[in-house]
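Working notes, structure below.
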Amino acid sequence: MAREGRRVARAFLIWTGSRACFHRGYVLTSSLYFVVTAHLSPVRLLLLGAVIAGTMLVSDLPTGVWSDAAGRRWPLVLGHAFLGAGMVVTGLVTGFWWIVATQVAWGLG
């Protein structure tokens, strides 16, 4: 039984570490992308941050209710799918409103 516990703990640590690296890397890369490639102004950057924060605020309550009522598996799967889609599509667009849409997807994740 202790062997199984070590295996689970190792998988958890690898997953958590990988996710943290990818998340931090995305935040740094996308921030540079927004300024250097998409040429977003400071006001648009603030608006983008407000949209992401609002999206996270609005989506957290239903996701928590769903997780408590039906289980955490599918909210986790869908959340990572939204995160990944938002991250990938962000690099494909430079228009402000398209960037807002990708960040809403990221915020839902």
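General remarks:
- The angle separating the long axis of helix 42-70 from the principal Cα axis of greatest extent in the chain is about 30 degrees.
- Rounded accessible area per residue of the stretch 26-108, 1.4 Å, Å²: 64
- Whole-percent carbon and sulfur share, accessible surface of the chain, 1.4 Å: 74
- For the chain, built as a Gaussian network whose Cα springs stay under 10 Å, the top-fluctuating residue of Trp74, Trp15, Trp66: Trp15
- Hydrodynamic analysis of the chain uses the Kirkwood radius over alpha carbon pairs. Inserted into Stokes-Einstein at 10 °C and 1.306 mPa s, it gives a translational diffusion coefficient of 102 µm²/s.
- C-alpha long axis of helix 2-36 to longest principal axis of the chain, angle in °: 0
- These residues, Arg7, Arg73, go from largest to smallest accessible area, 1.4 Å probe, as Arg73, Arg7.
- Sequence ranges 101-107, 8-14, 20-26, ranked by mean other-Cβ count within 10 angstrom, highest first: 101-107, 20-26, 8-14
The values are calculated or read from the model by the stated rules, or taken from the named source; none is laboratory data. On a predicted model such as this, the values are computed, not experimentally measured, just so you know. Don't worry about glycine lacking a Cβ; one is built from the backbone with ideal geometry, like all the others, and counts go over all protein chains shown. Areas reflect the complete protein model, heavy atoms only, side chains present, ligands, DNA and RNA absent. Shrake-Rupley method; radii C 1.70, N 1.55, O 1.52, S 1.80 Å.
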